[in-house]
Amino acid sequence: MKPLPCINNEFTGALIKGTDIVWLAFPRYDSPSVFSSILDPQRGGHFLISGEVAKQEYLVPNVLLTTLKDGSEITDLLLHGEHGLVRKIVAKNPLKVSILPVFNYGKSPATIERLSDKVFKFSNPESSEFLEVHLLFDKLDQISENSWTVYGEGYIYMGYFKDDRFGIFGKRQLKFDVARGFERTIAYWRNTMKRGRSKGKIAEIEIEGYTGDQLLNAYQTSVGILLGLLYNPTGAIVAAPTTSLPEVEGGSRNWDYRFAWVRDSSIVAEALISAGFSAEARRIIEFFSRMVSFTSKPFIYPLYSIDGSVPPKEEEIPWLSGYENSKPVRIGNAAAGQLQLDLEGFFLDAFFKYYEATGDENYIRSHVDVIEYIADWVSENWKLEDVGIWEERGVQGHYIHSKVMMWVALDRAGKLMNAIGKENPWKETRHEIKEWVLQNGVSNGIFVKKVGSNEVDAALLTLPIYGFIDVQDETFLNTLREIENQLLYKGQLKRYKRDFLGEAKYPFVLASLWLARVYIRLGRIQEAKNIIKGILDATQGIYLVGEHIDPDRKEFTGNYPQAFAQANLILALDELAEKKEDKS
């Protein structure tokens with residue numbers, strides 16, 4: 001898939017292809033879509049403005065400016081604090097606007113009611129929910145019940161409402177001012193981005209083909225998209241705002257990522273801390289702190305709904321054809337029922353990095369029960385088998401990465417306790433896990449994917465990144481060479497050779513960025529830059545990254561934009577900048 005701009009407002013997100021809204025779920029990320037033509041051009045509806053695109057760029061993160069070839073401009077954003085989309089149009093020539101929402105993932109075409117010359121109601125025929133559209137132009141001509149010609153400058157407002165009591169005419173609005181909301185939303189994102197800071201000087205990094213300003217733009221776009229993916233009411237963050245964009249076009253690896261994974265979210269928290277957004281990272285940490293169970297595994301589920309509820313079961317949507325006929329389209333995710341043992345380590349690592357950045361001892365004290373329970377549970381259960389980080393369905397084993405992250409959980413728990421003057425009772429178990437990994441997780445001088453296997457996987461790159469072993473350790477360097485030999489493809493890295501569904505076709509962006517971060521630690525700076533350049537090239541100036549990368553076509557596959565990949569781009573750029581400062 002060629003990279004598409006994405007806009008978010010901490011409630012939901014939209015993908016824009018040309019001038020069409022090709023994906024949008026209301027009222028929140030995991031709601032049924034109202035526009036889904038990216039998954040079915042015939043049934044998915046549209047919100048299309050005529051004209052040929054000359055250029056697309058972000059004014060600020062989550063605010064997209066599209067310039068048409070005739071000089072007309074369209075500025076798209078999702079309003080702060082409400083379930084509303086605004087498209088500002090400055091038309092040099094008359095432009096046609098066509099709107100056809102289809103509710104329930106392309107199942108229920110909207111019924112249309114004209115409320116006035118400029119206000120239209122698009123209702124879900126199967127419920128009380130509706131979209132209210134205001135065409136705020138001095139001059140417009142209606143062509144059909146759902147299309148118009150607009151002239152000059154104006155706004156199109158689309159608001160989602162659960163029922164008639166809460167529409168614009170539901171007497172809830174004291175004053176309806178779309179222009180003010182539009183400008184305030186832009187100001188919100190601009191002011192939000194001013195609060196950040198990178199550890200190094202991103203604009204001074206030298207990567208072939210990119211100016212310092214372009215690298216800074218890539219960095220800030222990455223930060224902004226992550227902030228937009230944070231669901232504001234709870235602090236949860238979705239792994240991606242989309243479902244069923246295929247890992248392999250025409251295949252069945254099509255999953256729903258509109259949930260809050262413990263692992264992905266913890267990685268995002270780490271990146272936001274690195275970028276100077278510790279307060280937002282703390283919201284993510286707090287969300288998962290409240291999910292910790294004291295009766296069983298701390299994180300009962302690998303992923304949660306963004307309101308904190310039990311994730312829904314996985315279902316297929318048979319009436320949608322899928323992206324480029326990639327079936328099935330799925331909602332929900334069966335990975336929610338898996339046992340994954342690395343989660344607690346990622347979470348406590350993010351918690352510790354928050355403390356390192358802020359020195360907030362009171363936050364540790366207020367969460368002692370959570371930290372102690374997690375560490376106690378890990379100490380008692382680290383010998384269990386699980387499905388590993390790659391969520392292989394029906395394939396359990398002793399995955400080395402999982403054991404290492406359980407070591408990380410105990411290491412960070414101990415450091416957090418020491419920070420507030422408490423004892424660390426987990427030292428012996430932490431040492432026991434490390435010895436077990438060194439004895440059972442090594443075969444023929446290299447770390448292996450899991451006990452009994454001779455294969456490597458990209459997750460082994462995290463061993464030095466999370467401090468389990470020195471990056472110059474001989475066994476790790478042997479492992480790195482094997483990873484390069486087995487998994488590198490045209491400068492990018494696959495996460496494994498094969499899984500429960502067969503051969504891995506494309507490199508995995510997260511894995512590639514882990515490799516870049518290892519190279520930075522080894523001083524192999526140019527090789528790290530080459531990886532980052534390959535990923536940036538595939539963004540085609542949009543600077544949003546997907547789950548997998550096709551190095552031949554320089555395009556991404558899978559759900560998009562992918563939060564933990566975007567987060568690792570931030571971390572890799574920060575580490576490059578720090579390395580440059582060290583040399584100077």
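The values are calculated or read from the model by the stated rules, or taken from the named source; none is laboratory data. As the structure is a prediction and not an experimental result, all values here were calculated from the model. So basically every Cβ, Gly included, is an ideal-geometry build from the backbone, and we count neighbours across all protein chains shown.
When A269, A218 are checked against the criterion of being out of contact with any Ser or Thr (no Cβ under 8 Å at 6 or more places or on another chain) and surrounded by 24 or more Cβ atoms within 10 Å (Cβ to Cβ), a single residue qualifies: A269.
Of all the numbered requirements in (1) surrounded by fewer than 17 Cβ atoms within 10 Å (Cβ to Cβ); (2) in contact (Cβ under 8 Å) with a residue 12 or more places away in the chain, V150 misses one, and that requirement is (1).
Have a look at K107, K92, K118, K96 and point out the one that is charged (D, E, K, R) and in contact with a His (Cβ under 8 Å, 6 or more places away or on another chain). First the steps, then the outcome.
On the way: K107 fails: in contact with a His (Cβ under 8 Å, 6 or more places away or on another chain); K92 fails: in contact with a His (Cβ under 8 Å, 6 or more places away or on another chain); K96 fails: in contact with a His (Cβ under 8 Å, 6 or more places away or on another chain).
The conditions single out K118.
With respect to V102, is the statement that it is within 23 Å of E183 (Cβ to Cβ) and in contact with a strand residue (DSSP E or B) (Cβ under 6 Å, 6 or more places away or on another chain) true? Against the criterion (within 23 Å of E183 (Cβ to Cβ) and in contact with a strand residue (DSSP E or B) (Cβ under 6 Å, 6 or more places away or on another chain)), V102 does not qualify.
Could you tell me whether the range 319-330 includes any residue that is surrounded by fewer than 21 Cβ atoms within 10 Å (Cβ to Cβ), within 21 Å of R28 (Cα to Cα), touching a strand residue (DSSP E or B) at 6+ places or on another chain (Cβ under 6 Å) and modelled with pLDDT of 95 or more? Among the residues of the range 319-330, at least one is surrounded by fewer than 21 Cβ atoms within 10 Å (Cβ to Cβ), within 21 Å of R28 (Cα to Cα), touching a strand residue (DSSP E or B) at 6+ places or on another chain (Cβ under 6 Å) and modelled with pLDDT of 95 or more, which makes the answer yes. Number of residues in the range 416-425 that are surrounded by fewer than 16 Cβ atoms within 10 Å (Cβ to Cβ) and part of a helix (DSSP H, G or I) equals 1. Pairs are defined by a Cβ separation below 8 Å, a sequence spacing of at least 6 or placement on different chains, a first member in the range 515-536 that is closer than 21 Å to S222 by Cβ and free of Cβ contacts under 8 Å to residues at least 60 places away in the same chain, and a second member that is polar (S, T, N, Q) and part of a helix (DSSP H, G or I); the pairs so defined are R517/N568; I531/S512; G534/S512; I535/S512.
Within the option set Y105, Y58, being surrounded by 16 or more Cβ atoms within 10 Å (Cβ to Cβ) and part of a strand (DSSP E or B) holds for one residue only, Y58. Where residues in the range 348-394 are basic (K, R), surrounded by fewer than 17 Cβ atoms within 10 Å (Cβ to Cβ) and more than 20 Å from I433 (Cα to Cα), which of them is nearest to the chain's Cα centre (by Cα)? My answer is R393.
Residue count for the range 74-95, restricted to those that are surrounded by 20 or more Cβ atoms within 10 Å (Cβ to Cβ), part of a strand (DSSP E or B) and of a type outside the set (K, R): 9. Residue pairs whose Cβ atoms lie under 6 Å apart, sitting 6 or more positions apart in sequence or on different chains, and linking a residue in the range 439-451 that is more than 8 Å from I400 (Cβ to Cβ) to a partner that is charged (D, E, K, R), are I446/E482. Among the residues examined, A260 qualifies as within 15 Å of A567 (Cα to Cα), at pLDDT 95 or above and touching a strand residue (DSSP E or B) at 6+ places or on another chain (Cβ under 6 Å). The residues in the range 313-346 that are in a loop (DSSP other than H, G, I, E, B) and touching a residue at least 24 places away in the same chain (Cβ under 8 Å) can be counted, and the count is 17. The residues on offer are S31, S98, and the sole one that is of a type in the set (S, T, Y), in contact with a Leu (Cβ under 6 Å, 6 or more places away or on another chain) and either part of a loop (DSSP other than H, G, I, E, B) or surrounded by fewer than 23 Cβ atoms within 10 Å (Cβ to Cβ) (or both) is S98. Taking first residues from the range 284-312 that are crowded, with 18+ Cβ neighbours inside 10 Å and assigned to a loop (DSSP other than H, G, I, E, B) and partners that are modelled with pLDDT under 95 and of a type in the set (A, V, I, L, M, F, W, C), the Cβ contacts under 6 Å between residues at least 6 apart in sequence or on separate chains come to Y301/A336; P302/A335; P311/A336.
Counting residues in the range 547-560 that are assigned to a helix (DSSP H, G or I) and more than 16 Å from the chain's Cα centre (by Cα) gives zero. Taken over the range 470-490, the criterion of being surrounded by fewer than 20 Cβ atoms within 10 Å (Cβ to Cβ) and either assigned to a loop (DSSP other than H, G, I, E, B) or among the aliphatic types (A, V, I, L, M) (or both) is satisfied by D470, V471, Q472, D473, L477, L488, K490. Out of L59, L48, L77, one residue alone is at pLDDT 95 or above and under 19 Å from W148 (Cβ atoms). It is L48.
Can you say whether Q492 is touching a strand residue (DSSP E or B) at 6+ places or on another chain (Cβ under 7 Å) and under 16 Å from Y519 (Cβ atoms), as far as the supplied structure shows?
Details: touching a strand residue (DSSP E or B) at 6+ places or on another chain (Cβ under 7 Å): yes; under 16 Å from Y519 (Cβ atoms): yes.
Yes, satisfied.
Within the span defined as the range 395-412, every residue fails to be of a type in the set (D, E, K, R) and at pLDDT below 95.
No other residue among L544, L515 is within 29 Å of A350 (Cβ to Cβ) and not in a helix (DSSP H, G or I) apart from L544.
Scanning the range 154-183 for residues that are exposed (fewer than 14 other Cβ atoms within 10 Å of the Cβ) and modelled with pLDDT of 95 or more returns A179, R180, E183.
Exactly one residue among G546, G558, G523 is on the phi > 0 side of the Ramachandran plot, crowded, with 24+ Cβ neighbours inside 10 Å and either at pLDDT 95 or above or of a type in the set (A, V, I, L, M, F, W, C) (or both), and that residue is G558.
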